[in-house]
């Protein structure tokens, strides 16, 4: 069994992406790794080159600036990285550059790939998600945060990144996947407040076509922009240790706060009581493990 990781990135330094931590976290289960590096003006390519030159291949890309609706450009760049994976690899491990895998899951991941290698009906493996918000001490626990998504897929180029690269489709249909007992740690909403505002401004233009550069000098107000949070009680991946130690900002969080419309409050309370998320969007078809 051979495994190749893949991801895409642009301006990782400018927008403070934990790209080194993301890639490093999955390298132990990957025989090779492909990174599609968009044209950057902040030394992103040089950072990627230094991670593991013997294992990582860089594909230089230019983002299509006409794709400014719904995050489509992220799917296009994901596909560029996936298409650069050579055919000899069986599984492809997709990790976005604000996602990190805890080392405690690496054996679980290896075993899951071995166990499902000969199950031809399995298109991919489904992960749980922990979405950190504000600081490394809090996770979002409302319906706005997706609970599961596909991060390991077959090396089948009929599989394509879907919409804004959150998941995948195969010939237009949902992938058939097996849920595995492992979580992705998503740090997309943990940055210094100024960096967070810069990232939002940079990303916004690829969702609605609006360039928000005029807001880049503002500080994002974490304390006013969440609907519900929970305290994180576990440990973070070891590769995040240095980044976490550099945290120099504070966020006031009221864990009793539930800032959402009545219908969502009802659904939220029901989920907390039963563990069932009613009307949940699922971009996959779940198979028995």
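Read-outs: derived from the displayed coordinates by stated rules, not from any lab. All values reported here derive from a predicted model rather than from experimental measurement. In this analysis, Cβ positions are derived from the backbone assuming ideal geometry, glycine residues included, and neighbour counts consider all displayed protein chains.
The stretch between residue 266 and residue 41 holds 76.3 nm of extra length on full extension. This uses 0.36 nm per residue minus the Cα-Cα distance. Shape class of the stretch 67-109 from the alpha-carbon gyration tensor: oblate, with a/c at 1.5 or above and b/c at least as large as a/b.
Packing here is the average count of other Cβ atoms within 10 Å per residue, and on that basis the peptides 53-62, 30-39, highest first, run 30-39, 53-62. The slack in the chain from residue 194 to residue 224, taken as 0.36 nm per residue of separation less the alpha-carbon distance, amounts to 9.3 nm. What does the C-alpha gyration tensor say about the overall shape of the stretch 96-251? Classify as rounded when a/c is under 1.5, otherwise prolate if a/b is larger than b/c, or oblate. Oblate shape, in that a/c is at least 1.5 and b/c is the bigger or equal ratio. Were the residues from residue 66 through residue 203 laid out at 0.36 nm apart, the gain over their Cα-Cα distance would be 47.9 nm. Each of 113, 247, 1, 260 was scored by other Cβ atoms within 10 Å of its Cβ. Listed from fewest to most, they are 1, 247, 260, 113.
Rounded is the label for the stretch 35-160, because a/c, from the alpha-carbon gyration tensor with a ≥ b ≥ c as root eigenvalues, stays below 1.5. Exposure proxy ranking for 138, 6, based on other Cβ atoms within 10 angstrom of each Cβ and starting from the fewest, stands as 138, 6. FRET efficiency for the residue 115 to residue 285 pair, using the beta carbon distance and R₀ = 22 Å, is estimated at 0.75.
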